[in-house]
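These notes are about the structure you will find just below.
The values are calculated or read from the model by the stated rules, or taken from the named source; none is laboratory data. Computed from a predicted structure; not experimentally measured. Positions of Cβ are generated from backbone atoms using ideal geometry, with glycine treated the same way; all protein chains shown enter the neighbour counts. In case anyone asks, the SASA skips ligands and DNA or RNA and just uses the protein heavy atoms, side chains included. Shrake-Rupley method; radii C 1.70, N 1.55, O 1.52, S 1.80 Å.
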Amino acid sequence: MEQREPSVSEPRQLPAEITDKAYIIALLQRLVGERLFVTVILPGSRERFTSTVLLVDPPGERFTLDRLFPEAGHGLIQQAGKARIFARAANAALRFDATLEALEDEGGFACYRMRFPATIHYLQRRDNYRVSAASGEPVAVTLRRRDGEVIDGVLHDISAGGVGILIEGDTDLEPGEVIPHFVAAIAEESLEVALEVRDVRYSPKSDLTTLGAHFRALDPKLEQRLRRTVAHLERERVRTRRHAR
């Protein structure tokens, strides 16, 4: 019987945590084939860096990550020796940790040889296009809970339907909690809306909490503003990437 090659064309069928090496290879190759940007978080830094996956080497169980932007990431990844990587492929969100194996030279530009991740966390597909906010300076956000507690974080990504937020340390936020006030200044737009928490993941290794939340009770005007904001961030990301080359 002919063995079927792994496919990632139907993201709803994949598990939340992928450990099968064939699927890991397929997802990494999709990042290369579709030339997708990835967001990189490094231990000890709250800044988000931008890169792309240049090459996947299945026999060597490694992949090549392009030089990080902004430039400060180049030294930080060498010091840390590892990175947390976020990406979107096939309208799904990916998250995985990878260890730096060595520096490489690709056409005169430094890049990083990374070991295959043991696990790729694969989040369900969303109806709204979600864009990474990694386009330079971090965007600070504030969450104010019903009891008045204030939680500060950094915007990771945003769509017209919700946001991804990075929070330093652990938190007792849980899926289903409604946060009455989410405040952020993005692309000269001051946003203040209510959120419903959908996903909370804490990593002891990086001491970061990744929070996924949906906007609640959006009126048409605010939804239009959010769509403009997403479009602006995408243009800025493309412009920044072009200038970095």
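Numbers at a glance
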quantity	calculated
Summed residue charge, Cβ within 14 Å of ARG146's Cβ, Lys/Arg positive, Asp/Glu negative	-3
Rounded percent of accessible protein surface that carbon and sulfur make up, region 41-96, 1.4 Å probe	52 percent
Region 17-124 - convex hull of the alpha-carbon atoms, volume per residue in Å³	96 Å³
Ordering of 55-62, 36-43, 216-223, 110-117 by burial proxy (mean other Cβ atoms within 10 Å per residue, highest first)	36-43, 110-117, 55-62, 216-223
Whole-Å semi-axes of the ellipsoid equivalent to region 145-195 (Cα gyration tensor, √5λ, descending)	18, 13, 11
Proximal charge balance of THR209 [Cβ under 11 Å; K/R count +1, D/E count -1]	-4
Rh by Kirkwood over Cα pairs, then Stokes-Einstein D for region 17-58 at 0.890 mPa s and 25 °C, µm²/s	211 µm²/s
Radius 14 Å from Cβ of GLN78, net charge of other residues (Lys, Arg +1; Asp, Glu -1)	0
Long-range amide H partners of ILE179 with built H, under 5 Å	LEU195, GLU196, VAL197
Full-stretch length increase - ALA194, LEU218 - with 0.36 nm per residue and alpha-carbon distance subtracted	7.8 nm
For PHE116, residues with placed amide H under 5 Å, excluding near neighbours	ARG62, PHE63
